[in-house]
1. Look at the stretch 168-206 and say how many of its residues are in a loop (DSSP other than H, G, I, E, B) and buried (at least 17 other Cβ atoms within 10 Å of the Cβ).
2. Among the residues of the stretch 142-167, which ones are of a type in the set (D, E, K, R) and part of a loop (DSSP other than H, G, I, E, B)?
3. Applying the selection to the stretch 162-184, what residues are in contact (Cβ under 8 Å) with a residue 60 or more places away in the chain and more than 12 Å from Arg224 (Cβ to Cβ)?
4. Can you tell me which residue in the stretch 207-216 is surrounded by the most Cβ atoms within 10 Å (Cβ to Cβ), limited to those that are under 18 Å from the mean Cα position of the chain (by Cα) and over 18 Å from Gly109 (Cβ atoms)?
5. Given the conditions (1) crowded, with 21+ Cβ neighbours inside 10 Å; (2) more than 26 Å from Cys208 (Cβ to Cβ); (3) over 16 Å from the mean Cα position of the chain (by Cα), and given that Leu52 satisfies all but one, which numbered condition is not satisfied?
6. Going through Ala107, Ala113 one at a time, which residue ends up being surrounded by 21 or more Cβ atoms within 10 Å (Cβ to Cβ), among the hydrophobic types (A, V, I, L, M, F, W, C) and not in a helix (DSSP H, G or I)?
7. Kindly check whether there is at least one residue in the stretch 116-131 that is in contact with a Lys or Arg (Cβ under 9 Å, 6 or more places away or on another chain), part of a helix (DSSP H, G or I), surrounded by 20 or more Cβ atoms within 10 Å (Cβ to Cβ) and not β-branched (Val, Ile, Thr).
8. I need a count of the residues in the stretch 135-162 that are under 21 Å from Ser114 (Cβ atoms) and not hydrophobic (A, V, I, L, M, F, W, C).
Amino acid sequence: MTRVSEAVILMAGEGSRLRQGYGGQAQLRSDDKTFLKPFVQVLGRPLISYILEALTNRGINTIRFVVGYESERMTAQTKRLISPGTTASFIKNNQWQKQNGISLFAAAGHVRASFLLTMCDHLFDDAIIDSLLEKYDPRLLNIAVDRKLDAIFDLHDAMKVQTRKESVIEIRKDLRDYDAIDIGLFICPVEIFAYLQKAKSASDRNDCSLADAMQLMAADGKTRVIDIGDAWWQDVDTPGALRHAENNLTTPARS
């Protein structure tokens, strides 16, 4: 199996839900244009630095960042964090106010083999990335999922997944019957861009989410879930989620 050596990180959004105060610091105004979500401080480090370190430590040395909101500032600040030996490229999504499927679709043509996909605001135990890289099927969309439903912070907002064995049956935030949560970490085949195009074309607004494409791939039997077991992750999307992440990062098991 070919080693995954490149990643796509989605960081085009505005991060408005986290804008109102974070990490015990003074609240930011809702119109504060200096705020950039990937660089919010998590235990004194930029949020995105944890993701970059995890990827480069695992030999993923080509990283493509999809930017949109405040793209020039986002690019300049990210470049300061790139480690030697890593090739970084920045893809601008001019339609960044649309859903995250449009951000990923902007990377079409920039990747030519299976790639790791994640978001700029998710933290993971390193073991999760190791497990994905070890177990992924290059023919399928590989989705890391958490079955520890009682441990999910802000379960209401989580992306819910109904599975059958290792396949996805349905994926939506408003699912009533589900047995897993999509944690925002994937290994994708290049074919995902064709499914994004299908999802986009089916929309009246020429818009789509990543979940829309995943649902289409699931219907064609082209998804595979990989259970993260006891490992930890956190979507840092609100001030409460940020505090929760910092508390977990400072527990004895991770310190």
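1. Initial filter on the stretch 168-206 (in a loop (DSSP other than H, G, I, E, B)): 173-179, 189-191, 202-206.
Checking the rest, the ones that are also buried (at least 17 other Cβ atoms within 10 Å of the Cβ) come to 178, 189.
Total satisfying the criteria: 2.
2. To start, the set of residues in the stretch 142-167 that are of a type in the set (D, E, K, R) comprises 146-148, 150, 154, 157, 160, 164-166.
Passing the criteria: Arg147, Lys148, Asp154, Lys165, Glu166.
3. Ile183, Gly184, listed by residue number.
4. Pass one, the stretch 207-216, residues under 18 Å from the mean Cα position of the chain (by Cα): 208-215.
Within this subset, residues satisfying the condition of being over 18 Å from Gly109 (Cβ atoms) are 209, 211-212, 214-215.
Working: Ser209: 22, Ala211: 21, Asp212: 22, Met214: 28, Gln215: 18.
Only one residue fits best here, namely Met214.
5. (3)
6. Numbers: Ala113 fails: surrounded by 21 or more Cβ atoms within 10 Å (Cβ to Cβ).
Answer to the check: Ala107.
7. So far as the stretch 116-131 goes, no, none of its residues is in contact with a Lys or Arg (Cβ under 9 Å, 6 or more places away or on another chain), part of a helix (DSSP H, G or I), surrounded by 20 or more Cβ atoms within 10 Å (Cβ to Cβ) and not β-branched (Val, Ile, Thr).
8. Filtering the stretch 135-162 down to residues under 21 Å from Ser114 (Cβ atoms) leaves 135-145, 161.
Retained after the next criterion (residues that are not hydrophobic (A, V, I, L, M, F, W, C)): 135-139, 142.
Within the stretch 135-162, residues that are under 21 Å from Ser114 (Cβ atoms) and not hydrophobic (A, V, I, L, M, F, W, C) number 6.
Taken together, the values in this text are just the output of simple stated rules run on the coordinates, not laboratory data. On a predicted model such as this, the values are computed, not experimentally measured, just so you know. Backbone-built Cβ (ideal geometry, glycine too); neighbour counts: all protein chains shown.
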